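The values are calculated or read from the model by the stated rules, or taken from the named source; none is laboratory data. Quantities reported herein were computed from a predicted structural model and do not represent experimental measurements. Positions of Cβ are generated from backbone atoms using ideal geometry, with glycine treated the same way; all protein chains shown enter the neighbour counts. Calculation scope for accessible area: heavy atoms of the full protein, side chains included, ligands and nucleic acids excluded. Shrake-Rupley method; radii C 1.70, N 1.55, O 1.52, S 1.80 Å.
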Amino acid sequence: MTTTQPDPAAGAAVKAADRAHVFHSWSAQGLIDPLPIAGAEGSYMWDYEGNRYLDFSSQLVNTNIGHQHPKVVAAIQEQAGKLCTLAPGFAVDVRSEAARLIAERTPGDLDKIFFTNGGAEAVENAVRMARLHTGRSKVLSTYRSYHGATAAAINLTGDPRRWASDTASAGVVHFWGPFLYRSPFHAENKQQECERALRHLEDTIAFEGPQSIAAIILETIPGTAGIMVPPPGYLAGVREICDRYGIVFILDEVMAGFGRTGRWFAADHFDVTPDLMTFAKGVNSGYVPLGGVAISAEIAATFDKRPYPGGLTYSGHPLACASAVATINAMAEERIVENAAEIGEKIIGPALQDIAERHPSVGEVRGMGVFWALELVRNRETHEPLVPYNASGADNAPMAEFAAACKERGLWPFVNMNRTHVVPPCTVTETEAKEGLAALDEALTAADAHTV
Ligand SMILES: Cc1ncc(COP(=O)(O)O)c(C=O)c1O
């Protein structure tokens, strides 16, 4: 790998311009210190000081194919030379091909693709379709979820990022999904958790009025909220409930889709077909912004003669679609989805179980493919989280120390609340995975120091 020569002066200039003019997401602008990055390739990125980081976060869990995949870069360059942009109303070769390749992989009859620029817009449009299709307004989502930062998507989101935007009048009702380690239902095993979670959902529907509910949206495996793999039978149970009440079932595969779990879609593990499925991130690893909604035949038929009242200037942008075509083809040719499954099963899963045995701060390990979470705790018996829910400042010091310990060891971690997620690219090699897991193992000593 060719990393760029260290150039601290260039890094300082990048940072100065950033601090002067760039307004960053989710941040108190005066309190952040963004690291200037000079370049990236495969599973690594590097700064201007000569430090290289193994990216165990895949940026925001989107670089499933790694950085600078040559086939994807070439496809974007080729498309740029041919046709950079075209309005969504025209038929264009790369858009047609991207839609075909996606529809070929989505479950069941989700064969029509509405393209957006990212995940939140995909959720926004899926909800709009569900409301128009059913003529109902309410949407149910779980507390432990993230669905994006636009109006409907942030209201659907369960995590605290919603609070500042929540008008409590967005037609959203939250409920509890299954999560045995912190069971909202005091369940003692997966089967109980599944049964009680489904009963809780049924009760919520009964008291909200089934005839007022347009959709239930779930992340197939909730991502940012903690990679909680649903217990066997849960998603099938939700599907059955939706069918019984004429509610549209939306699966949000923005994070879990396109290889992350070791299958093209997380839904493939559970044999369940939603009515609408949102995707983004891994569809082209974010090389050019792209997301979308895969639509069932029945919902698509609603808009056969009646116009769909939604659109975006850049829907199905040719550069984005060209990168999706190249990404999906490269993932198939190079067995990248299979690699994610194998690395998860043979390397990451066993290593994390071993790490958990040796570190008192690890309360639980869960996941599959290249989609894993370590639940960090102060006390294994009580499950008390290493830091309180939504902690900041001094309260969050144990997690901040853990993250710093990772970075000192050349590992870029994904950290959220009391968890670290092991979410490298789907292309991660066995050697890279072992390198990152060894750094993680050492860094967890910083978390162990806070256990009681
Ligand atoms: C499950 C899920 N849905 C939606 C989104 C929003 O996607 P975007 O940030 O592309 O708008 C995300 C982003 O992390 C996500 O994880």
Tell me, what is the FRET efficiency for Leu86 and Ala332 to the nearest 0.05, using R0 = 25 angstrom and their Cβ-Cβ distance as r? 0.45
Please report, in debye to the nearest 20, how large the charge dipole of the range 217-331 is about its Cα centre when each Lys and Arg carries +1 at its beta carbon and each Asp and Glu carries -1 there. 240
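For Lys15 and Asp441, FRET efficiency with R0 = 30 Å and r from the beta-carbon atoms, rounded to 0.05? Please list the in-between numbers first.
Working: r = 32 Å, r/R0 = 1.05.
So the FRET efficiency works out to roughly 0.45.
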Ordering of 131-144, 168-181 by burial proxy (mean other Cβ atoms within 10 Å per residue, highest first): 131-144, 168-181
If I stretch the segment between Trp163 and Glu208 completely, what's the gain in nm (0.36 nm per residue apart, minus their alpha carbon distance), one decimal? 14.0 nm
Lys/Arg Cβ at +1, Asp/Glu Cβ at -1, dipole of the chain taken about the Cα centre: which of Ile154, Ala9, Ala447 is farthest positive-ward? Ile154
Sort 252-258, 350-356 by the packing proxy (mean of other Cβ within 10 Å over each peptide's residues), most packed first. 252-258, 350-356
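In debye, nearest 20: dipole of the range 1-114 around its Cα centre with unit charges on the Cβ of K, R (+) and D, E (-)? List each step's numbers first, then the result.
Numbers: 9 positive and 13 negative charges, 40 e Å.
Its charge dipole is roughly 200 debye.
Taking every DSSP beta bridge with both residues inside the chain, roughly what % is antiparallel (nearest 5)? Mind showing how you got there, number by number?
Working: 32 of 49 bridges.
Taking every DSSP beta bridge with both residues in the chain, the antiparallel ones total about 65 percent.
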What's the FRET efficiency of Asp395 with Trp26 using the Cβ-Cβ distance as r and R₀ = 30 Å, to the nearest 0.05? 0.95
For the range 27-131, dividing by residue count, accessible area per residue (probe 1.4 Å) in Å² works out to 44
For peptides 310-322, 75-87, 91-103, 368-380, sequence by mean Cβ density within 10 Å, most packed first: 368-380, 310-322, 91-103, 75-87
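Can you tell me how much longer the chain between Arg244 and Val415 gets when fully stretched, taken as 0.36 nm per residue apart minus their C-alpha distance, in nm with one decimal? Please list the in-between numbers first.
Details: separation 171, 0.36 × 171 = 61.56 nm, distance 3.90 nm.
Value of the extension gain: 57.7 nm.
By the gyration tensor of its Cα atoms, with a ≥ b ≥ c the square roots of the eigenvalues, what is the shape of the chain: rounded for a/c under 1.5, prolate for a/b over b/c, or oblate?
Working: a/c = 1.60, a/b = 1.11, b/c = 1.44.
In terms of gyration-tensor shape, oblate.
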For a quick check: with amide H placed at 1.01 Å from N, whose amide H comes under 5 Å from Arg378's, ignoring anything fewer than 5 positions away on the same chain? Glu384, Leu386
Whenever you get a sec, compute what percent of the accessible area on the chain sits on carbon and sulfur atoms (1.4 Å probe). 53
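Please tell me the relative contact order of the range 70-333 in percent, rounded to the nearest whole number, where contacts are Cα pairs under 8 Å and at least six residues apart. Don't skip to the answer; put the middle values down first.
On the way: 510 pairs, mean separation 80.5, N = 264.
Computed over the range 70-333, the figure is 30 percent.
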